[in-house]
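The values are calculated or read from the model by the stated rules, or taken from the named source; none is laboratory data. On a predicted model such as this, the values are computed, not experimentally measured, just so you know. Virtual Cβ from ideal backbone geometry, glycine too; neighbours counted across all protein chains shown.
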Amino acid sequence: MKIAVPKGACDTHIHFYDRAAPAAPGTLVPGHFDLAMYRDLQRRLGLERVVVVQPNAYRDDNRVTLDAVKALGERAQRFFNLPVLRIALSAG
């Protein structure tokens, strides 16, 4: 199936998972989804930009997300879990 997307189309929410990275206890890891797999999906869908979101499975360990964003370059935006923000939200 071929779809037409506008130039500069953006994937607005993506997580990366690395089977080699330890997940936090009690969290869900839906499988392995790495940069090569995402680039293939991006190419098939015609997406140029992406928002990478830190998955809960890694809690405050941002290494998997940082590595992916670095490799994706300037067309990637990122959102991380920050302990201070989580504490502030749970206290209020």
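Annotations for the structure displayed:
- Screening segment 44-53 for residues that are in contact (Cβ under 8 Å) with a residue 24 or more places away in the chain and of a type in the set (D, E, K, R) and picking the one that is farthest from residue 67 (Cα to Cα) gives 48.
- Yes/no for residue 88 being assigned to a helix (DSSP H, G or I) and modelled with pLDDT of 90 or more: no
- Positions within segment 1-17 being more than 15 Å from residue 53 (Cβ to Cβ) and either among the β-branched types (Val, Ile, Thr) or under 13 Å from the mean Cα position of the chain (by Cα) (or both), in sequence order: 3, 5
- Test: residue in segment 38-57 that is surrounded by 13 or more Cβ atoms within 10 Å (Cβ to Cβ), among the charged types (D, E, K, R) and over 15 Å from residue 13 (Cα atoms): no
- Only one of the listed residues (24, 68) is at pLDDT 90 or above, surrounded by 12 or more Cβ atoms within 10 Å (Cβ to Cβ), under 10 Å from the mean Cα position of the chain (by Cα) and among the aliphatic types (A, V, I, L, M). That residue is 68.
- Criterion violated by residue 63 - all others in (1) in contact with a Cys (Cβ under 7 Å, 6 or more places away or on another chain); (2) loosely packed, with under 15 Cβ neighbours inside 10 Å satisfied: (1)
- Filter result for the condition that a residue is part of a loop (DSSP other than H, G, I, E, B) and free of Cβ contacts under 8 Å to residues at least 40 places away in the same chain, over 28, 41: 28
- Evaluation of residue 76 against (1) under 16 Å from residue 9 (Cα atoms); (2) at pLDDT 90 or above (one fails), failing number: (2)
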